[in-house]
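Trainee: First, the structure itself, so that you have it in front of you.
The values are calculated or read from the model by the stated rules, or taken from the named source; none is laboratory data. Computed from a predicted model, the values in this text were never measured in an experiment. Note: ideal-geometry Cβ built from the backbone for every residue, glycine included; neighbour counts use all protein chains shown.
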Amino acid sequence: MSFYEEWGRLQAAAASHGGTAMRLNSSAGSSANSDLSVKQDDLGLVGKNAYELRSRLSNEGDRARPSTYDAAIALNNGNFRTGSAMLQVHDIWTTQLKTLLDACAHISNHLDYTVAKHNKDEADIVTSMSASKINAYFK
């Protein structure tokens, strides 16, 4: 079924229920006065966890790197082929750890931004649009 066929079916089903308006911002069984909502507690918890993970990774994820590097150099200087392989493991680990740390910081920062942006957007919507203005758009 294409999007347009499904959309038409949903519109017809909504119209057959007493002609009530279709609501896109609520689910079945939710309040008729539902607004778009972001649960800041949930976002805050995810952001906090991402920040804590980043903090732990920056401390604990780097513990083995210096000794791995020292061992790789010692093996390499001793003409062991495993020295260059261990150095490669060290370099890959460093790159992957930095990538993971950046991702955790990005998640935390993005969620902080999302909460702040949502609050600003919600305030702008509340102050700039009344129900009568919204109804005028649909007539």
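Trainee: Which of the residues that make up the stretch 65-87 are surrounded by 13 or more Cβ atoms within 10 Å (Cβ to Cβ) and under 23 Å from Ala105 (Cβ atoms)? Lay out the reasoning, then the answer.
Mentor: Going through the stretch 65-87, the residues surrounded by 13 or more Cβ atoms within 10 Å (Cβ to Cβ) turn out to be 65, 68-69, 71-73, 75-76, 80, 82-83, 85-87.
Of everything in the stretch 65-87, just one residue is surrounded by 13 or more Cβ atoms within 10 Å (Cβ to Cβ) and under 23 Å from Ala105 (Cβ atoms), namely Arg65.
Trainee: Further question on the same structure: Look at Val89 and say whether it is touching a helix residue (DSSP H, G or I) at 6+ places or on another chain (Cβ under 8 Å), within 30 Å of Asn119 (Cα to Cα) and modelled with pLDDT under 95.
Mentor: So Val89 does not fit the description; no.
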